Each structure stands twice: as structure tokens, then as C-alpha cells.
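The values are calculated or read from the model by the stated rules, or taken from the named source; none is laboratory data. In this text the structure is predicted, and so the values were computed from the model without any measurement. Virtual Cβ from ideal backbone geometry, glycine too; neighbours counted across all protein chains shown.
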Amino acid sequence: MAGESPTTIGYIQHHLQNMAYGKLPAGYARHGADGSVHVLEQDTWTLAHSSEEAKDMGFNAIHLDSMGWSIGLALLFSFIFRVAAKRASTGVPTGMQNFVELIIDFVNNTVKDTFHHKSRFVAPMALTIFVWVFLMNFMDLIPVDWLPHLAALISGDPHLYFKVVPSTDPNITLGMSFTVFFLMIFFSIREKGLMGFIKELTLHPFGSKNMFVQAILIPINFALESVAMIAKPISLGLRLFGNLYAGEMIFILIAVMYGAGLFLGVFAGVLQWGWAVFHVLVITLQAFVFMVLSVVYMSMAFDVHEEH
């Protein structure tokens, strides 16, 4: 596939573009690969044929590849753990049962060390986050051309956009992080009450026994606490996206070297192997960090200041 791209920049841009599906307005001029121009007579829902079209589709565009892979990997995770649960026995465990129990024990111990409240929700949430994010990150270890080339062959479109690592899409990572954020707000209000939640935003970090001074401090506290609260999901999502996007970019740059001659091709094979080995640690660590920070945020939501 690298050899089919007209330039190195075009090859890189093609691999970094999602399969966007959205609506183009009537009168929109679509430019074909052969230089032809087709003007749409009415609003049309379609796949983007370029990054410009994807941008012009706006907020309502859906990244079909990211959505498809993330949902598919979630179903794979559910299927594997369901099979392991149904086959679990008190006798000699199978390899799958051992593996699943190892992951569950690891996540459970991590939650116990981080979350010091009672909840039947947090540990399953942490398990789901860790395994799901790991599986999405793991797709980064598949050679960058294999699945996009297969998709192009099946569709008959050699220029089909097809990204296979959902966690390199900020829409996916921020979607997960804001889900954690809304759960944090929900449990915070449930545990502290609405007034307790409002007091947390307005009476901290600065307080005063003088009512006049406290009234002045409320908007300052609210501004500081609001920024700190919004920064949590943004940093959580962008951290995962940034690390995986950088790793994917390195794999793409290594793939470019395969078309630059025998010597660089052999050197690229060594680099790809070395980076893949190192990247195993990266994808695992990023899944672990996302899980731990999510549990920490949930612990903060359950923490009632009056208890201390």
C-alpha cells in the first residue's frame, strides 16, 4: 500500500484519516481522484473522500472505523469473559480461566488500594476500562498496512480510509473520559447531595468565617474548582490519545522505510520489532493509567469532606 501512495506525505495522511460518514450540503463541489468535479444537487449522507470533506461534514460526522472497532472489541471482551465465567470450575483451571482470574485479581487489588469506599460499581467499571482500553491499544501492534489493505480489497476502493486503532481517535478517548466524568458527577451528587456538591464547588479551596469575605470568595472558588474539574476528563482522554497517536505515527514512519530500498527495508524490520516490543509496555501502561485515574476520580466523588 505504501508503494501505491504518490508521496510519503500522502501515505502518512491517508493512514491518519478516519473513515468519516456525514452529511454534505446541497451545492457542495466534490473533487474526484481524476480531477473531476461533481456538484451535489441535494443534502447527501456519504463517506468522506478526503480530509477536507471530513472537515466540512462538521460535528455530526461519525468515524465508522473507530466506532466499529471499539464496539467489536467490546463484544470480544464480553464474549471471552463470559465464556471463561461459564466454564469456571473449582477443579484444575484451564489456561483461559487462569488468565481471566489473573486480570480480575490484578484489577481488584488495584481498586482496593485506590478506592476506600463501598461500591459494587467501581471494580467492574475498572475491569471494563482496563481490558477494553488495552484491546483498543493492542490494535496498534498489527502492521499498519494489513487491515487497511484488506478493507480496500474488500470494498474495491484503493483509497478507502480505514484506521484500526480506536484510541488514536480523540473522539473515542474523550468520549470514554467524559463518561467517567459524568459518572463522577452523578456519584458525587448521590453521596454528598446536591447542596453538598455545590458547596464543594463554591466553598473550597478558600474559605472564611466572615460572611462578606466568603461571598467574595465564592465566584473565585467556583472558577478554580470548575477549571480543575473540567481538566480531569480532558487530560485523561488526551493523555491516552497522545501516547497512542505518537506510537501509531512511529509505526507509519517505519512502514515508509520499507519502500526506500533493501538496506532501509531491513533496518525498518529491526526498528519495527524493537518498537513493537517496547510498545507492548506502552499500551499496557496507558490502559493501567486510564483505569487508575478513573478509580481515583470515583474515589474523590465518594469522598465526603465532612467525614474528615
Next item on the list: Select from segment 176-221 the residues that are out of contact with any Asp or Glu (no Cβ under 9 Å at 6 or more places or on another chain), of a type in the set (Ser, Thr, Tyr) and under 22 Å from Met298 (Cβ atoms) and list them in ascending order.
Entry: Ser177, Thr179
Note to self: Is it the case, given these coordinates, that Ala260 is among the small types (Gly, Ala, Ser), modelled with pLDDT of 90 or more and either over 17 Å from the mean Cα position of the chain (by Cα) or within 15 Å of Val133 (Cβ to Cβ) (or both)?
What the structure shows: no
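Say we look at segment 18-75 and pick out the residues that are among the β-branched types (Val, Ile, Thr) and within 18 Å of Ile172 (Cβ to Cβ); which of these is farthest from the chain's Cα centre (by Cα)?
If we take residues in segment 18-75 being among the β-branched types (Val, Ile, Thr) and within 18 Å of Ile172 (Cβ to Cβ), then Ile62 is farthest from the chain's Cα centre (by Cα).
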Notebook entry, point to check: Of all residues in segment 127-178, which are over 21 Å from Ala287 (Cβ atoms) and crowded, with 23+ Cβ neighbours inside 10 Å?
Noted result: Tyr161
Item checked: Residue selected from segment 38-55 under the condition in a loop (DSSP other than H, G, I, E, B), free of Cβ contacts under 8 Å to residues at least 60 places away in the same chain and touching a Lys or Arg at 6+ places or on another chain (Cβ under 9 Å), by the criterion nearest to Gln13 (Cα to Cα) -> Ser50
Item checked: Any chance Leu285 is touching a Leu at 6+ places or on another chain (Cβ under 8 Å) and part of a helix (DSSP H, G or I) -> no
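Can you name every residue in segment 281-301 that is of a type in the set (S, T, N, Q) and within 14 Å of the chain's Cα centre (by Cα)? Steps first, please.
Let us first name the residues in segment 281-301 that are of a type in the set (S, T, N, Q), namely 284, 286, 294, 299.
Once the filter is applied, which keeps residues that are of a type in the set (S, T, N, Q) and within 14 Å of the chain's Cα centre (by Cα), segment 281-301 yields Thr284, Gln286, Ser294.
Before we move on, is Ala268 under 17 Å from Trp146 (Cβ atoms), small (Gly, Ala, Ser) and touching a residue at least 40 places away in the same chain (Cβ under 8 Å)?
For Ala268, the condition - under 17 Å from Trp146 (Cβ atoms), small (Gly, Ala, Ser) and touching a residue at least 40 places away in the same chain (Cβ under 8 Å) - is not met.
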